Amino acid sequence: MSGDMIGGFLKIRNLRKSFGGNQVINDFSLDVTERRLQCLVGPNGAGKTTTIDLISGRQKPDSGHIWLRGDDITGLGEHEIARRGVGRKFQIPAVLKGLSVRENLEVAFSRETSALRNMFRLRAPGCDEKLAEVARTVRLTGRLDTEAGLLSHGETQWLEIGMVLMQDPEILLLDEPVAGMTENEIELTVEILNRLKKTHTIILVEHDMNFVRKIADIVTVLHMGALLAQGSLEDIEKDERVRAVYLGTEDAH
Amino acid sequence: MANALILGISIASIFLVAAIGLTIIYGTAGVINMAHGEFIMLGAYATYAMQTYFGLPYFLCIPCAFVIVGAIGFVIEKLLIQYLYHRPLDTLLATWGVSLVLIQGTRLTFGSDPKYIQMPGFLSSNIELGGVSLAAFRIFVILAALALIALVWFVFYKTDFGIKVRAVTQNREMAAAFGINSKQVYSFTFAFGAGLAGVAGALFGVLNIVLPTMGTGYVVQAFLIVVTGGGALMGSAIASIATGEMQSIFAMLLNDSFARFLIFILIVVFLRFRPQGLISAGGSRR
Amino acid sequence: MLDNPYHNKTLQWLAYAAVFLLIGIVPLLTDDDFLLNQLATYGVYGLLAVSISLCWGSGGILNLGQGIAFGLGAYGMAMTMQMQSQAPGTIPPFMANNALETLPIFWEPFWNTGLGIALALLVPTLFYLIFGGLMFVARVSGPFFAIMTLAILSALATVFVALQPYTNGVNGISPPTGLVIAGTKIDPYSSTAYWLVFALLLICTFTAKLLTQSRFGLVVRALKDDPERVRFLGYNVAVYETLVYALSGLMAAAAGASFAVLTQYVSPAQFEVGFSISAVIWAAIGGRGSLLWAMLGAFTVQGAQSYAGDAFLNTWILILGFSFILVVRFLPGGFAGLAELLLGRLASLRGGRREEFGQAPAKGAAK
Ligand SMILES: Nc1ncnc2c1ncn2[C@@H]1O[C@H](COP(=O)(O)OP(=O)(O)O)[C@@H](O)[C@H]1O
Ligand SMILES: [Mg+2]
C-alpha cells in the first residue's frame, strides 16, 4: 500500500471531512517532500486548519488516507502521531498558561513519553542544553521564569514555536505562526524558518503573501476543501483561478 | 414483568422530578449545583411549615415551595454562584459548602426529628393499575412529572424569558448586543431551577419523612440523570425512564442495592462510549 | 521582581523536613497513649489529604470519592486482622450469625497476613486503574469525573451494606485484637502505632513530593492546564491521568489500612459521601496545590473539630460549611495560597528596601 512512496515524505490521498453535512475537506490530496517548506494558503474557511487537524490527529477523516514516511497514520491518536515526529503549533496560540516559560519548554522536550519511566526521572538528559539553545532562538532567554500566561501576544507565539522546536519533530505543522506579530518579530521568524527548513519538513498555513514570498519553497492553494493549485510562488501568482478566488476575497478585507 | 414496568414508570417519575431543576441549572447555566438535594429538602420543609404554621392546603403549599426555594436560590446565586461561573470545579465545591450550611441551618431551626406532611385524603388510597396496586400519590407524582416537563417546555419556548435564556446560552456576546442582561438571566435561571427543586421537595416530603438530611441521597442520582441525558430536558426525561425501568427490573431480579450498583456501573460504561450524554445540550461541555 | 521564597525548592524541602521533625518528636514529649492514638488518626487523615492533593493539586483531577480507596483499604486490613484472631477452620462470628457455614471464597486469602495487607492496598489501586482508565480514555474530566467518583462511591456503600453476611452490613467489622506483624502485636494505643503511621506519612508525602518534581509530575501539571495541548507533544494524557489517580488511590488505601489498625473497626461509614468530601475540604482549606499544606489542613480541621467537641458539633459544621465557602470564593489556594501571597509581599518589601539603599540588582539579573 505504500509502494509508490518514493520521494513523498508526507502523502495525503482523497481526504474527506464534513461537519454536520458541511463538507469542509473535499477529496484533498497532497504530497510533501522532505526538507521543504510548503505553504498552505487559501481564503478564510478554506479548510486549512482542518487539514492540519486531520494530519495531527485532532480530527479523524471520514475517508481517505495519510501516510508519513510510508506508514499509514490515518486515525491514530494525537500523541501517537506526535511521537512519530509530527509537531504542531495552533492557530490560536496554545501554551500552558499556568506554567513558567521554562516549564513549557521542558514539557515540550518529549523524547521520553512513557509515564512510568518519567516517574523515575527528575530531569531529561540533554534538555537543559536544548532549552538554552531554543530559548535563544526564540528570544525568551530573559523570560524563562515568567508565567506563560503573562507573556505578550508575540511572545506567546514565540513560546509555542519554541515548544515545537523543543519537540524536535521531523515535520512541523505551523498554523499562522506570525499572526499578530510585529514587523521585527516577523523578520526574525523568517530567519528561523529559513534556517529550520534545511533540516526539517514544514507545512505552514498563512494568509500574508509577502511573508509567504520570503519563505516558501512550494505553495499549495486550498479552496473549499480541495486543492486549487500548487507550484512555486511565481506560478501561483500567475494562475488565473487563484487570482479569481484569492484576490476576490483579499479585496473584501 | 408488567408490574415491574409500571413500577419503573413510577421510579422514573421520581428520578425526573428530582433531576428537572438540576437539568435547567446545569443545562443552561452550566452550574454544577451540589446543593440541589438541599433545595429539595428546603422544599419539603417549606411545605411542612406552610401546612403546619399557616394551615395552607397541600396543593397551595406546592407553589409556595416553588416561590420560597426559588427565592433562596436567587439569593445564593447573587451572593456566591455568580462569581464562580468560570470556575466549574470551585462552583461544585462552594455549592457543597452551601449544602452543608443548609442542612445544618435547617437542623438548628427545625431540629433533627422527622416531620410529616399531610396529603389530601383522596391521594392516600391505592389504585389498581394493570394488576398492580399503586399508591394514588405515586400516580400524582407521575402526573406532576409530566406537568413539570410541560411547564419547563412552556417557559423555555413560549415566554420572553425563555427566548432570552436560549439566546444567552447559545451566544452570550450576541445576546448582549441585543440588550439582554446575561447576568440577570443566569440569576433567574438558577432561581427557576431551585424553585423546581422546591416542588420536588413538596412531593418527596410526602413519599418520605422530612429530615434535614433527606436531600443528600438525591443529588448523586439527579446528577447521573443529567449527565447521562447530556443536560437537555428531553435527555433527562429519557434517562429517567431508562434508569427507572432498569432499577425496577433489576430490583425484581436481584435486589434494590444491586440494582442501583449495576445501574451506576452501566452509566460509567455508557459514558465511556458517549461522554457527551444522550442528547448533548452543547456549549457548556468541551 | 524578586524570588518568592514560597517557590524556592530548597526552602520547600526544608519546610517539609521541619514539619515532619515536629510531628516526629511528639511521642518523645508525651506518654498519653490516648492522645498518641488520636494524633496518629490525624496522621491518617493527613495522608488522605495528601492523596487528594496529589491528584487534585497537581493534576486538577478532583476526586470526591477518595473514600473508595480508603474504605476498601480499611476493609482489607480489618479482614486481615479478623482472620489473625480466628482459629483455623473457623469463621468470623458475624458470618455465623448471618447463617453462613463456610468462609466465603474472597475471604480465604486473608488467612495470610502478607497477602491480606497486599490485597488491602492492591484491590483499591486496581479498582482506580480500571475506573480511571475507563473515564480518562473517554476524556471524561473536571466536574463530570468528580460526579462519577461520587456515584461509584455511593454505589459501593450500598453494596457493602447489602452484602450483610459477607461484610456484616452497617455494623462493619471490628476485629477483636490488634494487628500482629512478624509475631509482634501493634497496640493501637502506643507510640509504636504512632511511629508506624508517622513513617507511612513521611514516605508517602516525600514520594509524592518527589513525584510532582519528576518529569511525570511536570507532564501532570501541564495537563491540568490544557490536556489537549499536551497530547500534541506526544504524551498519552489518559495514561498519565490514570496513573496519578491510581497512585493517589494507593496512598488513600494505605491511609485506610492504617485507620483500621488504629481503630480496630471498619464500617460503611468510610464510604459515606460526607467523609470523602471532608477529605476534600481539608485539602481545600489547607491548600490543594501543596501536599504539605493539605496535610496541615487535615490536622487543623480535624483538630478544631475534636476541640469544639460533641456539644458544639452542630455549630461547628455550620462554621466549617461557611469557612469552606469563603475559602473557595476568596482564597482558592487555601492557607497555602495565603502563605504564598504573604511570602511574596515580604520578599518584594525587602527587595524594595534594598533598592532604596541603592543595591538594586542589575536589570538582567532580576527575574
Ligand atoms: N469542529 C468543527 N465543527 C464544525 N465546523 C467546523 C469545525 N472546524 C471547522 N469547521 C468549519 O470548517 C470550515 C473550515 O474551517 P478551517 O479549517 O478552520 O478554515 P481555515 O483554517 O482555512 O480558515 C469552516 O467553515 C468552519 O466553520
Ligand atoms: Mg485556520
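The values are calculated or read from the model by the stated rules, or taken from the named source; none is laboratory data. Remember, predicted model here, so these are calculated numbers, not experimental data. Neighbour counts run over all protein chains shown; Cβ positions are idealised from the backbone, glycine included. Protein only, heavy atoms only, side chains kept; ligands, DNA and RNA dropped before computing areas. Shrake-Rupley method; radii C 1.70, N 1.55, O 1.52, S 1.80 Å.
Assorted remarks:
- Note on chain A: with neighbouring protein chains present and a 1.4 Å probe, carbon and sulfur make up 49 percent of its accessible heavy-atom surface.
- Positive-end extreme of charge dipole, region A:97-184 - chosen from A:Leu174, A:Ile161, A:Phe109 (charges on Cβ): A:Phe109
- Helix C:33-53 and the longest principal axis of the C-alpha atoms of chain C enclose an angle of approximately 60°.
- Shielding by partners for peptide C:316-326, expressed as the average number of C-beta atoms from other protein chains within 10 Å of each residue's C-beta, is 5.
- Under the criterion of Cα pairs below 8 Å and six or more residues apart, the relative contact order for region B:162-243 equals 13 percent.
- Candidates C:Val26, C:Val197, C:Val273: whichever shows maximal mean-square fluctuation once chain C is modelled as a Gaussian network with Cα springs under 10 Å: C:Val26
- Mean Cα-pair separation over length for region A:173-212, i.e. relative contact order, pairs under 8 Å, 6 or more apart, %: 63 percent
- A 1.4 Å probe over all protein chains sorts B:Thr189, A:Thr199 by accessible area into A:Thr199, B:Thr189, starting with the largest.
- Contact residues in region C:161-175 by the 40 Å² criterion (accessible area, 1.4 Å probe, full protein complex versus chain alone): C:Ala162.
- Under Karplus coefficients 6.51, -1.76 and 1.60, residue-wise ³J(HN,Hα) of region B:88-95 in Hz, glycine/proline x: x, 5, 5, 4, 4, 5, 4, 5
- Accessible surface, per residue, of the protein assembly as shown when the full set of protein chains is kept, probe 1.4 Å, Å²: 42 Å²
- DSSP-loop trypsin sites (Lys or Arg not before Pro) across region A:6-91, with at most 10 other Cβ within 10 angstrom: none
- Scalar couplings 3J(HN,Hα) for region B:37-42, obtained by applying the Karplus form with A = 6.51, B = -1.76, C = 1.60 to θ = phi - 60°, are x, 6, 5, 4, 4, 4 Hz; x denotes Gly and Pro.
- At R0 = 41 Å, FRET efficiency that the Cβ-Cβ distance of C:Gln213 and A:Glu234 yields, to 0.05: 0.15
- Relative contact order of region B:2-273, pairs being alpha-carbon contacts under 8 Å that are 6 or more residues apart, as %: 41 percent
- Overall, the accessible surface of region B:2-273 at a probe of 1.4 angstrom is composed of carbon and sulfur to the extent of 70 percent.
- Highest average packing first - B:45-51, A:152-158, Cβ atoms within 10 Å: B:45-51, A:152-158
- Treating each Cα of region C:5-356 as one equal point scatterer and applying the Debye formula with no solvent, the log10 of I(q)/I(0) at q = 0.08, 0.10, 0.12 Å⁻¹ comes out as -0.41, -0.63, -0.90.
- For the residues C:Ile23, C:Ile317, C:Ile147, a GNM of chain C with alpha-carbon springs under 10 Å puts the largest fluctuation on C:Ile317.
- One equal scatterer on each Cα of the protein assembly as shown, no solvent, Debye formula: the resulting log10 I(q)/I(0) at q = 0.04, 0.06, 0.07, 0.09 Å⁻¹ is -0.22, -0.50, -0.67, -1.07.
- Excluding same-chain neighbours fewer than eight residues apart, the lysines reachable from B:Lys158 by a Cα-Cα span under 28 Å are B:Lys78, B:Lys183.
- Reduction of at least 20 Å² in accessible surface, 1.4 Å probe, comparing all protein chains with the chain by itself, residues of region C:223-237: C:Asp225, C:Asp226, C:Glu228, C:Arg229, C:Arg231, C:Phe232, C:Leu233, C:Gly234, C:Tyr235, C:Asn236
- Here the accessible area is traced with a 1.4 Å probe on the protein chains. For region C:5-356, carbon and sulfur cover 67 percent of it.
- Residue mean of other protein chain beta carbons inside 10 Å, A:120-129: 2
- Each of A:Asp175, A:Asp31 has its accessible area taken with a 1.4 Å probe; listed largest first, they run A:Asp31, A:Asp175.
- Reachable aspartates and glutamates from B:Lys164, criterion Cα separation under 20 angstrom, eight or more residues apart if same chain: B:Glu77, B:Glu173
- Peptides C:80-87, B:36-43, ordered by how many other C-beta atoms sit within 10 Å of their residues on average, highest first, read B:36-43, C:80-87.
- When chain A is treated as a Gaussian network with alpha carbon springs shorter than 10 Å, the biggest mean-square fluctuation among A:Leu116, A:Leu140, A:Leu15 belongs to A:Leu116.
- Using a simple spin-label model with pseudo-atoms 7 Å out from Cα toward Cβ, A:Lys60 and A:Gln23 lie 2.2 nm apart.
- Total accessible area lost when B and C pair, probe 1.4 Å, Å² to nearest 100: 3800 Å²
- Spin-label model distance (nm) - A:Ala132 vs C:Val137, 7 Å beyond Cα toward Cβ: 4.4 nm
- Counting charges near C:Ala40 (Lys, Arg +1; Asp, Glu -1) among other residues having Cβ under 15 Å from its Cβ returns a value of -4.
- Residue order by solvent-accessible surface for A:Val212, C:Val170 is C:Val170, A:Val212, largest first, with ligands and nucleic acids left out and a 1.4 Å probe.
- Taking packing as the residue-averaged number of other Cβ atoms within 10 angstrom, the listed peptides B:71-81, A:162-172, B:252-262, C:301-311 run from highest to lowest as A:162-172, B:71-81, B:252-262, C:301-311.
- Value of [θ]222 nm, deg cm²/dmol, for chain B, DSSP H segments ≥ 4, -39500 (n - 2.57) each, nearest 500: -25000 deg cm²/dmol
- Stokes-Einstein D (µm²/s) once Rh is taken as the Kirkwood radius of chain A over alpha-carbon pairs, at 25 °C in 0.890 mPa s: 129 µm²/s
- Normalising the Debye intensity of region B:234-279 to I(0), with uniform scatterers on Cα atoms only, and taking log10 at q = 0.15 Å⁻¹ returns -0.39.
- With the simple model of a label 7 Å out from the Cα in the direction of the Cβ, B:Leu108 to B:Val269 spans 4.7 nm.
- For A:Phe120, neighbours were defined as the other residues whose beta-carbon sits under 14 Å from its Cβ, and their charges (Lys and Arg +1, Asp and Glu -1) total +3.
- Kirkwood Rh in Å, taken over all unlike Cα pairs in region B:2-273: 19.0 Å
- Chain C against chain A buries an accessible area of about 2700 Å², both chains summed, 1.4 Å probe radius.
- The mean number of partner chain beta-carbon atoms within 10 angstrom of a residue's beta-carbon across peptide B:253-260 is 3.
- When the alpha-carbon atoms of region C:269-353 are used, the pair Rg, Dmax equals 15.2, 55 angstrom.
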